[in-house]
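S.K.: Provided herewith is a single structure, encoded as structure tokens, for subsequent inquiry.
The values are calculated or read from the model by the stated rules, or taken from the named source; none is laboratory data. Quick caveat: nothing in here was measured; it's all calculated off a predicted structure. Side chains are part of the model used for accessible areas, which takes the heavy atoms of the whole protein and leaves out ligands, DNA and RNA. Shrake-Rupley method; radii C 1.70, N 1.55, O 1.52, S 1.80 Å.
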Amino acid sequence: MRSSGTPWVILSLVSIAAAAVPASASFHAFGVNEVYSDPSGNVQFIELHERFGTDFEGFFTGISIVSNAHTYTFQTDLPSQSTANKFVLLGTADYAAIPGVPAPNFTIPASFFNPAGDTLTYGGFADTITFGAVPANPLQSLNRSGDTMIPASATPTDFAGDSGSVPEPTGVAVLAVAGVLLVRRRRVR
């Protein structure tokens, strides 16, 4: 007697059900949202933002962010898989040393990206953005607007939701920034 085909029907139904399950969560819903650098590149931050309202996107271990000259590979996952609309902050040690700024979730090396302009690629295929020079104004960063980066207030936000601003430099730092602005102004004329 021939089989009624029941095993094939069951196998087909299981295959259809498996295909209906959403793809595994990962890291791909994050993208570069904001970049900041002082002229030296010692104080830098990169803010990533989960763009689609998706949870379970915090599997960062082994994922990289790449500039034209450097690669940073995440050594740990995010502290929670509640990632919808959250931010992740990468910052240099000199950024982290500024009193009152949100603490970086990950520490990147100084001069990770070129303040004169660079390309950042996150997660291989998840996001790539190219930008020009960061603003000379120490209170401004480049913020994502669609596929471009535009000058706006520097407002880093970390994964916990702590947000702040980069304080205006004082003393010698102000003189150095003023010198850079003066040199840039003379070149324009």
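S.K.: At 0.36 nm per residue, and after removing the present C-alpha to C-alpha distance, how many nm does the segment from Ser153 to His70 gain when stretched out fully?
M.R.: Result: 27.3 nm gained on full extension.
S.K.: Right, next: Provide the gained length on full extension for the span Ser26 to Ser111, in nm with one decimal, where the gain is 0.36 nm per separating residue minus the Cα-Cα distance. Present the calculation step by step, with values, prior to reporting the outcome.
M.R.: On the way: separation 85, 0.36 × 85 = 30.60 nm, distance 2.79 nm.
Full extension from Ser26 to Ser111 adds 27.8 nm.
S.K.: From the phi angles alone, apply the Karplus equation (6.51, -1.76, 1.60; θ = phi - 60°) to the stretch 152-167 and give each ³J(HN,Hα) in whole Hz, x where the residue is Gly or Pro.
M.R.: 3J(HN,Hα) across the stretch 152-167, in whole Hz: 7, 4, 6, 9, x, 9, 9, 4, 6, x, 6, 10, x, 9, 8, x.
S.K.: Over the stretch 117-171, what percent of the accessible surface lies on carbon and sulfur atoms, probe 1.4 Å?
M.R.: Percent of accessible area from carbon and sulfur atoms in the stretch 117-171: 51.
S.K.: While we're here: Would you mind pulling out the separation of the Cα centroids of the stretch 34-51 and the stretch 97-115, in Å?
M.R.: Between the Cα centres of the stretch 34-51 and the stretch 97-115 lies a distance of 7 Å.
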